[in-house]
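K.L.:
This is the structure I have questions about; it appears just below.
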Amino acid sequence: MSPKEPLPVPEQPAAPASANPAASGSGAASEPGAAASGAAASGARGKAGGAHRATAWPEARAAAARAGSTARTGREPSYVPLGQALGRVLAEPLAALTDLPPFDTSAMDGWAVVGPGPWAVREEGAVLAGHTPAVVPAEGEAVRIATGARVPPGTTAVLRSEHSRTERTERTESAELTDPAELTEPTEPSEPSEPAEATEPTRPTEPTEPAGLIEPAGPTEPSEPSEPSEPARPAGAAASADRPGPAPAADRLLLHALREVVPGQDIRPRGQECSAGDELLPEGIVVTPAVLGLAAAAGYDELCVRPRARVEILVLGDELLSTGLPREGLIRDALGPMLGPWLEALGAEVLGTRRIGDDAEALYAAVTGSPADLVVTTGGTASGPVDHVHQVLDKAGATLLVDGVKVRPGHPMLLAALGGRRHLVGLPGNPLAAVSGLLTLAEPLLAALTGNALSEGRSAVEGDVHGHPHDTRLVPVVRHGGRAVPLRYNGPAMLRGIAAADGLAVVPPGGARSGQELTVLDLPWPAAGAVPVQGACFT
Ligand SMILES: Nc1nc2c(c(=O)[nH]1)N[C@H]1C(S)=C(S)[C@@H](COP(=O)(O)OP(=O)(O)OC[C@H]3O[C@@H](n4cnc5c(N)ncnc54)[C@H](O)[C@@H]3O)O[C@H]1N2
Ligand code: MOO
């Protein structure tokens, strides 16, 4: 570091008007949720993380959540196009704007049939997805239909192409032609479809006549299993496997079923998934890619979402490099590249990440001039010669809500109200300590501000975990075999453990025994998939 002249620090504890949450008329936000520690006055601070005022870890999180709830008041939802809604939180329930499906739909490529077979094929057209049915078959007739097409009125079932056989007929009596066993070769095994239809192995049917206007029925590939949830619809007259039907007209195509045909089969009836007005999802759900798809299917162009928290990141420290290898006492900035994406993964809108150095004046200007709901600083929280965060907050008239937390790593972390519903979280400079501060203070604040739920679970821990005698420990873990396995390289200055982790285990003061259930704070992304290496490393 190259120390710069710090701002003048008051000799005496700062006047209550600027530093004490109990003060009135200070211009600083008055927070009902001041930390249980008594929200130490910034001007009266002693050593960083001094035990006399550090807040217990659970209470620090609760204080951060209260700060977020307070700041949430008056924030109005807005409508955004679907393409901008990913990661946002629904501000109102997602109610279907249409029936789904919006019309009776064919679930398979095949034939729309009316009544029992065999059926005379209407060869003048096919019913295609996206088109109004041009051919409406009558009783005893069939027409080709594509998956997703609107079924013609009166259709009693859809017969899959692989479950059908066609033949070109002469003028003759239908009874002579209606036994498929006499006319059809045993077919290749196909994939099982509906349970009742899976017993007979079949293979694609050869046409009995040279190709006519219509493609011969029958698949070139095994069929997929049918959707077991497609209910048969008791509509119209029951269709069945081949039975004597109407006498086919001369030189017409006759369609036979190779399986029993159940009324309503492979028709997705209108409203099967939902009716217009049904609540598909409640308010407060995070918009995922699947939610976007559902919203589009249900007729939405825009979604009503809660406002995102706007965050600005200020990275302190003259010793930091943005590129290249560490040299001459300088190290790479590990927090600038990490925190923006991390906060975005938590749903925040990151206005920017700025390098401030160890310049108290620049820090004061950045903090007081920031338009963000939450300013996140890194470094400078302790009592070193260039650790300016406390004095800048004091000068800015901020109210310290949490000033040090009984947690390792990260105990110098802090939370301050800047006024005007704005807050600042000061993360310690050691990189894993900064992660600890992010999950302890920033995440609960942001969750409460935007109405998101915190993501955490419980897992039995694999092996004994060393604890701090008085403070909570946060230990990177990976879930493996149903257990939380602590990772090595979990020292305050290390990111090697957390980079392979999928959570941080909350180890109570005194430590944890193997098999003990611990709270695990989830990281906002899937596990990195690294092989866990058990063991500890304290540095
Ligand atoms: N007298 C005391 N000294 C310290 C205490 C204490 O209780 N009494 N606590 C220690 C602990 S624990 C921590 S954590 C740090 C917190 O210090 P600061 O928040 O003031 O952070 P800095 O001094 O600026 O930096 C600490 C450390 O982290 C490195 N750093 C900073 N920023 C970055 C970054 N963006 N990327 C990578 N590394 C970074 C910095 O170079 C230092 O090595 O205070 C202890 N001291
Ligand atoms: O609290 Mo410090 O976080 O041990 O590095």
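K.L.:
Taking only C-alpha pairs under 8 Å that are 6+ residues apart, what is the relative contact order of the range 376-459 in percent? List each step's numbers first, then the result.
P.N.:
Details: 130 pairs, mean separation 21.3, N = 84.
Worked out over the range 376-459, it gives 25 percent.
K.L.:
Considering only the other residues whose Cβ falls under 12 Å of the Cβ of residue 326, what net charge follows from Lys and Arg at +1 and Asp and Glu at -1?
P.N.:
Details: positive: 327, 332; negative: 319, 328, 333.
My count for the surroundings of residue 326 gives -1.
K.L.:
Given Cβ point charges of +1 (Lys, Arg) and -1 (Asp, Glu) and nothing else, what value in debye, to the nearest 20, does the dipole of the range 456-522 about its Cα centre take? Walk me through the numbers before you get to the answer.
P.N.:
Working: 7 positive and 7 negative charges, 33 e Å.
Using only the charged Cβ atoms, the result is roughly 160 debye.
K.L.:
Given R₀ = 41 Å, FRET efficiency for residue 281-residue 361 by Cβ-Cβ distance, to 0.05?
P.N.:
Working: r = 49 Å, r/R0 = 1.19.
FRET efficiency, residue 281 to residue 361: 0.25.
K.L.:
Now a separate question. So for the range 374-509, what are the equivalent ellipsoid semi-axes in whole Å, largest first, each being the square root of 5 times an eigenvalue of the Cα gyration tensor? Write out the running numbers ahead of the final one.
P.N.:
Values: eigenvalues 162, 59, 27 Å².
Listed largest to smallest, the semi-axes of the range 374-509 are 28, 17, 12 Å.
K.L.:
Where does each of 429-437, 282-290, 147-155 land if you order them by average Cβ count within 10 Å, highest first?
P.N.:
On the way: 429-437: 26.7, 282-290: 13.7, 147-155: 19.8.
My ranking of the peptides, most packed first, is 429-437, 147-155, 282-290.
K.L.:
What whole-number distance in Å separates the alpha-carbon centres of the range 473-490 and the range 86-136?
P.N.:
50 Å
K.L.:
Same structure again: Report, to two decimal places, the Cα Rg of the range 269-349 normalised by 2.2 N^0.38 Å (N = number of residues). Don't jump to the answer; show the numbers that get you there.
P.N.:
On the way: Rg = 21.7 Å, N = 81, 2.2 N^0.38 = 11.7 Å.
The range 269-349 yields a ratio of 1.85.
K.L.:
Still on this structure, I have one more. Can you bin the range 241-375 into rounded, prolate or oblate? Criterion: square roots of the alpha carbon gyration tensor eigenvalues sorted a ≥ b ≥ c, rounded for a/c under 1.5, prolate for a/b above b/c, oblate for the rest.
P.N.:
Details: a/c = 6.39, a/b = 3.12, b/c = 2.04.
Note, shape of the range 241-375 comes out prolate.
K.L.:
If you take the C-alpha gyration tensor of the range 327-443, multiply each eigenvalue by 5 and take the square root, what semi-axes do you get, largest first, in whole Å?
P.N.:
Values: eigenvalues 69, 59, 48 Å².
They are 19, 17, 16 Å, listed from largest to smallest.
K.L.:
How would you rank 74-81, 404-411, highest first, on the average number of other Cβ atoms within 10 Å across their residues? If you can, show how the numbers build up before the last one.
P.N.:
Numbers: 74-81: 12.5, 404-411: 26.1.
Packing order, densest peptide first, comes out as 404-411, 74-81.
K.L.:
What is the extension gain from residue 368 to residue 73, computed as 0.36 nm multiplied by their sequence separation minus the C-alpha to C-alpha distance, in nm to one decimal?
P.N.:
Working: separation 295, 0.36 × 295 = 106.20 nm, distance 2.14 nm.
Going from the current span to full extension adds 104.1 nm.
K.L.:
Please quote Rg/Rh for the range 456-522 to two decimal places, taking the Kirkwood radius as Rh and restricting both calculations to Cα atoms.
P.N.:
0.93
K.L.:
Sticking with this one: Would you mind ranking 331, 356, 145 so that the residue whose beta carbon has the fewest other beta carbons within 10 Å leads the list?
P.N.:
Numbers: 331 13, 356 24, 145 31.
Ordered by Cβ neighbours within 10 Å, fewest first: 331, 356, 145.
Quick note: the coordinates plus some simple rules give every number you see, no bench work behind them. Please read these numbers as outputs of a predicted model, since none were measured by experiment. Cβ coordinates were reconstructed from backbone atoms using ideal geometry, including for glycine residues, and neighbour counts include every protein chain displayed.
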